[in-house]
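Trainee: Would you mind keeping the following structure in view while I ask a few things?
The values are calculated or read from the model by the stated rules, or taken from the named source; none is laboratory data. What you are looking at is a predicted structure, and each value in this text was computed from that prediction instead of being measured. Methodologically, a virtual Cβ is constructed for each residue, glycine included, from the backbone with ideal geometry; neighbour enumeration extends over all protein chains shown.
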Amino acid sequence: MLTRMILSTLVGLGWTLSAHATTKRYLVTFKTQTAFHQVAQSFKGGVSVMGSQTAQAIGNAAMDVKVLDKIGMLAITADSANIVQLENSADVARIEEEQFFPAPKPIGTFGDLAPASFRKATQMERPWGIDAVKAPEAWNVTKGQGVKVMVIDTGLDKTHPAIASRFVEGKSFMGGDETNFADDIGHGTHVSGTILADGANGGLVGVAPEADLYMAKVCGSLGCSTVAISQAVNWAVEKGVQVVNMSLGGPFMTYAEQQAYDAAEAAGVMIVAASGNDGKQKVSYPAAYTSNLAVGAVDSTLTKAEFSNWGPELDVVAPGVEVLSSVPQGTGRTSEVGINFGTGLETLKSTSFQGSAAIKVSGKPLVYAALGKPEDFSGKDLRGKVALIARGELLFADKAKNALAAGAEGIVIFNNAPGLIQGAITADGSELPIPVVMIEQTAGEKARDLLAAGKEVTTDMGVVPSDYASFQGTSMASPHAAGVAALVRGANPALTPAQVREIMKETATALTPNDQNQMGAGLVNAEAAVQRAQETNFLGRVAGF
């Protein structure tokens, strides 16, 4: 999830700008529910100038009116010049122009860290986060069967093999074709897999693998729309959804959004949201609303992720680093590296880089190029060969650029510390025309030493398309918590959203340091939360109930 930025000049949806330079979308909220219902009646069958004076004014001003009757507001499309006549209406509380903030993206979109055999996930180990939140220990009670989960995000690859069996319905609220909720970014598909991938045939499994999936697309090429988000929340109430995941947001709140989330909670919809990725003591909205569960991120050592926002509004934390999940088919990247040290090809652990081409090369000689500086390639002809480069000093992107300029057909970077890391070799989402991978320190040093001794070392290496990828961000933590919420609601459907939030906080595993509420109540614990939800004496014991 990226920080929401308030645009200095607010813009309307791009699909209307070409025809109406000042046509924008607005949310209209009302001073009383009675006023709203009176106005809404005039538009149930479309735009009308009948009814109250306010309804007539809206009918005259708007080209399109959508009644969001579950959250008590209207979404209208109108010329900005016509909005003035509505501002002084006795019934209208506020008119909020549509705003956009950047679409959520993980911190780094990298190749997965799984073996190449995981590309199609015929057999996969459970992602570490599923065990960290103790989801399998809760599955003997419930796997979320019958629980409706809505992901409000960038869209979905509804045919992805890990989630197709769980998909029920999708809708776009970005304007234009409502049936086009395809995931052009990859974020919504990844989030959905973490919540409820079905685990069929040993494939990817989510926290609540038998829950039902609804997708509301609210983010596109222009970013995420505040009008679309309110429409999506209204749809969640219409569909009787029990859990909503929102891995998006930013630093400000609006009157309309507050009204939407309050209405959703009152209707029994539990909203789970990411705390933000600025690494600051400030929880983003919508996570910061009291009606929603705010989720921060930890890594596999249960240490707070450096990027994870915190503050008094933070409720819990969940796994958010190196989270393996589904992405639109073929858009992930997996590395494959084998090196012949002189005794036959040896398959090595590796990872790919963001910006690497999906290409494989075979039987290519390795050429050691030190740190990959321009002078390290001096006098070396890398045409038909693969550059072996040590990590350090230069950016990965600069190492790759220099190797490419020297004619390398591929690049193998070896770490300067134990293990593997992830990185990017382009900053704009583009791809270099050659594959770039990382291998572990010991293997790289072994190849370097053999080359220094005059031995030939060859490699089969490359990057191949995958249906899975490893992402990080509070965007990845939130769906773990949403999955646990689905299990809790599956164990006791009578619980209210406030009760589910309280259960999840009470049963969370406390983590330290937590002097500034960096960890909230702690790591969500599905086993303990489901057990608590089953306790017959819980209802009425929670404060306020």
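Trainee: Does region 439-449 contain any residue that is within 28 Å of Asp398 (Cβ to Cβ) and out of contact with any Phe, Trp or Tyr (no Cβ under 9 Å at 6 or more places or on another chain)?
Mentor: yes
Trainee: Within region 388-420, how many residues are farther than 15 Å from Ser350 by Cβ and aliphatic (A, V, I, L, M)?
Mentor: Number satisfying all stated conditions: 11.
Trainee: Being in contact with a strand residue (DSSP E or B) (Cβ under 7 Å, 6 or more places away or on another chain) and part of a helix (DSSP H, G or I) is the filter here, so list the residues in region 174-207 that pass it.
Mentor: His187, Gly188, Thr189, His190, Val191, Ser192, Gly193, Thr194, Ile195, Leu196
Trainee: Hey, among Gly249, Gly240, which residue is small (Gly, Ala, Ser), closer than 12 Å to Lys148 by Cα and either surrounded by fewer than 24 Cβ atoms within 10 Å (Cβ to Cβ) or in contact with a Ser or Thr (Cβ under 9 Å, 6 or more places away or on another chain) (or both)?
Mentor: After ruling out the rest, the residue left standing is Gly240.
Trainee: Given the residues Ala208, Ala297, Ala287, Ala267, which is the only one that is in contact with a helix residue (DSSP H, G or I) (Cβ under 6 Å, 6 or more places away or on another chain), in the same structural domain as Met174 (by TED's automatic domain parsing), closer than 24 Å to Lys148 by Cβ and buried (at least 24 other Cβ atoms within 10 Å of the Cβ)?
Mentor: After applying the criteria, what remains is Ala208.
Trainee: Being surrounded by 14 or more Cβ atoms within 10 Å (Cβ to Cβ) and outside any helix (DSSP H, G or I) narrows it down to one residue among Ala370, Ala443; which is it?
Mentor: Ala370
Trainee: Additional query: Scanning region 172-203 for residues that are modelled with pLDDT of 95 or more and of a type in the set (Val, Ile, Thr), which turns out surrounded by the most Cβ atoms within 10 Å (Cβ to Cβ)?
Mentor: Only one residue tops the list, namely Val191.
Trainee: Does region 350-361 contain any residue that is surrounded by fewer than 19 Cβ atoms within 10 Å (Cβ to Cβ), in a strand (DSSP E or B) and not β-branched (Val, Ile, Thr)?
Mentor: Yes, region 350-361 contains a residue that is surrounded by fewer than 19 Cβ atoms within 10 Å (Cβ to Cβ), in a strand (DSSP E or B) and not β-branched (Val, Ile, Thr).
Trainee: Read through the list (1) outside any strand (DSSP E or B); (2) modelled with pLDDT of 95 or more; (3) on the phi < 0 side of the Ramachandran plot, then give the number of the only condition that Thr459 fails.
Mentor: The failed condition is (1).
Trainee: Have a look at Val321, Val317, Val295 and point out the one that is among the aliphatic types (A, V, I, L, M) and within 18 Å of Leu204 (Cα to Cα).
Mentor: Val321
Trainee: Then there's this: Filter region 198-228 for residues that are under 15 Å from the mean Cα position of the chain (by Cα) and more than 30 Å from Phe100 (Cα to Cα) and give the result.
Mentor: Within region 198-228, just Gly206 meets the criteria.
Trainee: Checking Ile152 against (1) in a loop (DSSP other than H, G, I, E, B); (2) under 18 Å from the mean Cα position of the chain (by Cα); (3) surrounded by 19 or more Cβ atoms within 10 Å (Cβ to Cβ), which single condition isn't satisfied?
Mentor: For Ile152, the failing item is (1).
Trainee: Can we say Phe167 is among the aromatic types (Phe, Trp, Tyr) and under 27 Å from Val133 (Cα atoms)?
Mentor: Yes.
Trainee: Starting from region 373-385, take each residue that is of a type in the set (A, V, I, L, M, F, W, C) and list its partners that are assigned to a loop (DSSP other than H, G, I, E, B), counting only C-beta distances under 8 angstrom and pairs at least six apart or across chains.
Mentor: From residues that are of a type in the set (A, V, I, L, M, F, W, C), the pairs are Phe377/Ala369; Phe377/Ala406; Leu382/Ala369; Leu382/Ala406; Leu382/Gly407; Leu382/Ala408; Leu382/Glu409.
Trainee: If you don't mind, there's one more thing I want to ask. Among Ala397, Ala403, which is touching a strand residue (DSSP E or B) at 6+ places or on another chain (Cβ under 9 Å), closer than 20 Å to Thr458 by Cβ and not in a loop (DSSP other than H, G, I, E, B)?
Mentor: One residue alone meets the criteria, Ala403.
Trainee: Right, here's the next one. Are any residues in region 150-164 touching a residue at least 60 places away in the same chain (Cβ under 8 Å) and over 22 Å from Trp128 (Cα atoms), and if so, which ones?
Mentor: Passing the criteria: Met150, Ile152, Asp153, Thr154, Gly155, Leu156, Asp157, Thr159.
Trainee: What is the number of the single condition among (1) buried (at least 23 other Cβ atoms within 10 Å of the Cβ); (2) over 20 Å from Phe341 (Cβ atoms) that Lys401 does not meet?
Mentor: For Lys401, the exception is condition (1).
Trainee: Moving to a separate point now. Any idea how many residues of region 308-335 are closer than 17 Å to Asn514 by Cα and surrounded by fewer than 20 Cβ atoms within 10 Å (Cβ to Cβ)?
Mentor: 2
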